[in-house]
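Below: the structure, in structure tokens.
The values are calculated or read from the model by the stated rules, or taken from the named source; none is laboratory data. These numbers were taken from a predicted model, which means no experiment stands behind them. With ideal geometry, Cβ positions are generated from the backbone for all residues, glycine too; neighbour counts draw on all protein chains shown. The accessibility values were calculated without ligands, DNA or RNA, using every heavy atom of the protein model including side chains. Shrake-Rupley method; radii C 1.70, N 1.55, O 1.52, S 1.80 Å.
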Amino acid sequence: MTLTLTLREQPDVPLEADVLVPDRLAGADDIGALPVWHGKERVRVDDFFAVSGTGDDVRLEGDLSRVRGVGVGMTAGRLTVAGDAGPHVGAGMRGGELHVEGDAGDWAGAGMRGGTLVVRGSAGRHLGGVHPGERAGMRGGEIVVHGDAGDRAGAGLRRGLIAVGGNVGDAAGLRMLAGTLVALGSLGPRAGAGMRRGSLVTMAPVTPLPTFAFACTYRPPFLRLYLRRLRALGLAVSDDQIDGRYARWSGDGVELRRGEILILEPS
Amino acid sequence: MKLHGAEIVDTFAEAFPMWGARVVITAATPDWALEAGRSMTGFATSVIGCKCEAGIERELASDETPDGRPGVSALLFAMDREGVGKRLVERVGQCVLTCPTTACFNGLDAEDTVNVGGQLRFFGDGYQASKVLAGRRYWRVPVMEGEFLVEERFGAVKGVAGGNIIMFAGDEERARHAAEAAARAMRGVEGVIMPFPGGIARSGSKVGSRYSALPASTNDVLAPTLRAQVEHTDVPPEVGSVFEIVIDGLALEPVREAMKVGLVAAAEAGASHVTAGNYGGNLGPHHIYLRELVP
């Protein structure tokens, strides 16, 4: 069974709606009465949404680009946003599947611990990023963005996989600790600045920071697993990318120099 | 009981539990994958002398492997789960890690696991790195060629070892021909290996020896050359040569299936008799009767 919530009217200011997670909705006696915040005003879910159906397969319909916190901390079930999603979608999620059929706002998947977040469109800044005041950002799970991603994607990344079908903005993997970020397009300037460990992968030529050092060009065996996995998840990964040779740059030299940027060599 | 002119002796093979694991080795070419597989499963004919039994289960096409490269799957058996772990660390470390272009993956989903990549990572001397993908941890070990990728944990299950068939014929050529046909047929069964060279043993053994240091010695009742020297022989007068195929499997049913197709193939290929080895039912809990395998 699918539980469907349809946005009836756009909020005047961003709607704080961290109750819109399968865990909370499935256990609620009266979903319409659950609280959401419209600015400083506490309102009910059914003030903005029409509710129908039941179950932990939740579908949110409408333009939710002004709704914050959808899927925050979800642990199980499936949540689909049939349109754009606002900031913090899937932030801190620990399990389950969250699908955004449109674009996602800033901080999508920030601090994520597990589960899968799929964005069919593009994502804003801080994708899988680190919340202010915290050292580690995403600590597990998978984020797949079919479009582009904004600045600071994967900042503070500790574990898990972020894959972007298009281009990624500035400072991808900023101060990342481990984990993997794959861009099938390009990486913006300052990629991997301050990274300690982990992998940044790009299929377009980039110039790493001067604090990165070239190691060699080779075929990383682990990358074949990752790229085949991403292909299975629906990204357009080519055979040339799977079989290709990658330049390995080690960095960041201002940190441990145990991280790497892998850049696909032109075939 | 007769099958294609061969006498199927009314007896049973006596099999016993051993722990097993499946290793998937991939490489840049099928030849290198096979080379690594052969090396890893070398000197692993009998747990008595080799601490484990191992063999190549089958070759794998690119679309059957985790990394999309050609590969082989190999099975390794030891007396307990810890033994499987130790032997895998030794053999993957010495034979797969060292082989050009290879990567090594667990090929068995099982509740029990042994740590393999988590031990081999130390070869990286601190430069190793791990990756976790879809809940499985892999270790990247830097090597002179580039990088060796090995999965951290390998599944281990309580399997079945000691399935066997024994083929008789009038001379060595005909007996070997029958054994080769049987081994060839058995290679089509998934989940089993025949750990002896080419799948065939010419030197089946009995338990014990007149020499106290030896746990096993030649099976004199099945040695044609001893027919006139021993008090009792199981070699019929018209038989001049005997071969055995030993089968280890991840479960009982594949072992039975391998014995069945091997028995039929041996009979079709000219074996005069097909029998099986047992210890009177005192060794193992699995008794596989040949009469139940005859189609």
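Tabulated data for the structure shown
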item	result
Residue-wise HN-Hα coupling along region B:3-17, computed from phi with Karplus coefficients 6.51, -1.76, 1.60 (Hz; x: Gly, Pro)	9, 6, x, 8, 7, 8, 5, 7, 8, 9, 8, 10, 10, 9, x
Dimensions in Å of region B:200-295 - Rg and Dmax from alpha carbons	14.7, 43
Carbon + sulfur, % of accessible area of region A:218-267 - ligands and nucleic acids excluded, 1.4 Å	44
Per residue value of the accessible surface for region B:1-131 (all protein chains in place, 1.4 Å probe), Å²	42
Minimum 40 Å² accessible area buried by the other protein chains, region B:65-114 residues, probe 1.4 Å, relative to alone	B:ASP67
Shape call, chain B: gyration tensor on alpha carbons, a/c limit 1.5	prolate
In degrees, nearest ten, helix A:221-232 long axis to first principal axis of chain A (Cα)	30
Under-5 Å amide H pairs with B:ARG58, H placed in peptide plane, nonlocal only	B:SER73
Under-5 Å amide H pairs with B:ALA216, H placed in peptide plane, nonlocal only	B:GLY208
Dipole of chain B [Lys/Arg +1, Asp/Glu -1 at C-beta], most positive-end residue of B:PHE154, B:THR45, B:THR233	B:PHE154
Degrees separating the helix B:30-40 axis from the principal Cα axis of chain B, which is the longest one	70
Under 5 Å, built H, 5+ apart or other chain: amide partners of A:GLY83	A:GLU101, A:GLY102
Rounded percent of accessible protein surface that carbon and sulfur make up, region B:1-43, 1.4 Å probe	59
Burial of 40 Å² or greater, region A:215-261 residues [accessible area, probe 1.4 Å, versus chain by itself]	A:TYR218, A:PRO221, A:PHE222, A:ARG224, A:LEU225, A:TYR226, A:ARG228, A:ARG258
Accessible surface of region A:125-182, 1.4 Å probe, proportion on carbon and sulfur as whole %	41
Computed [θ] at 222 nm, deg cm²/dmol, chain B (DSSP H ≥ 4; -39,500 (n - 2.57); rounded to nearest 500)	-6000 deg cm²/dmol
Interatomic Cα distance distribution for chain A, bins of 10 angstrom, percent	8, 32, 32, 17, 9, 2
Region A:48-205 - percent relative contact order, Cα under 8 Å, separation 6 or more	13
Accessible surface ranking that places the most exposed of B:TYR289, A:TYR226 first, with a 1.4 angstrom probe	B:TYR289, A:TYR226
Surface per residue (accessible, 1.4 Å probe) for region B:140-223, Å²	46
Under Karplus coefficients 6.51, -1.76 and 1.60, residue-wise ³J(HN,Hα) of region A:256-267 in Hz, glycine/proline x	7, 6, 9, x, 8, 10, 9, 10, 4, 7, x, 7
Cα-Cα over 24 Å, subset of B:LYS2/B:LYS158; B:LYS86/B:LYS206; B:LYS86/B:LYS158	B:LYS2/B:LYS158; B:LYS86/B:LYS206
Shape metrics for region A:124-267, restricted to C-alpha atoms - Rg then Dmax, Å	13.4, 43
Coarse-grained scattering of region A:40-112 at q = 0.17, 0.23, 0.24, 0.26 Å⁻¹, given as base-10 log I(q)/I(0) from a Debye sum over alpha-carbon atoms	-0.61, -1.08, -1.15, -1.27
Degrees between helix B:81-91 axis and first principal axis of chain B (Cα, 0 to 90, nearest 10)	70
Cα centroid separation - region A:107-130 against region B:129-179, whole Å	40
Three semi-axes of the equivalent ellipsoid, the protein assembly as shown, Cα gyration tensor, whole Å, largest first	60, 28, 18
A:CYS216 accessible area, 1.4 Å probe, all protein chains in place, Å² to nearest 10	50
Label-point gap, in nm, between A:GLU41 and B:LYS206 - each point 7 angstrom along Cα→Cβ	9.7
Table column - 3J(HN,Hα) (Hz), region B:214-229, Karplus curve with 6.51, -1.76, 1.60, x for Gly and Pro	9, x, 8, 8, 4, 7, 4, 6, 10, 9, x, 6, 9, 3, 8, 10
Tail beyond 21 Å, pair distance distribution of region B:106-209 (Cα, percent)	58
Per residue accessible area of region A:149-267, 1.4 Å probe, in Å²	38
Accessible area that becomes buried as B packs against A, both chains, 1.4 Å probe, Å², nearest 100	1500
Residues losing 20 Å² or more accessible surface upon assembly, region B:123-146, compared with the chain by itself, 1.4 Å	B:GLY126, B:LYS131, B:VAL132, B:LEU133, B:ALA134, B:ARG140
Neighbour-limited loop hits for GluC sites (Glu not before Pro), region A:1-106 (at most 10 other Cβ within 10 Å; DSSP other than H, G, I, E, B)	A:GLU9
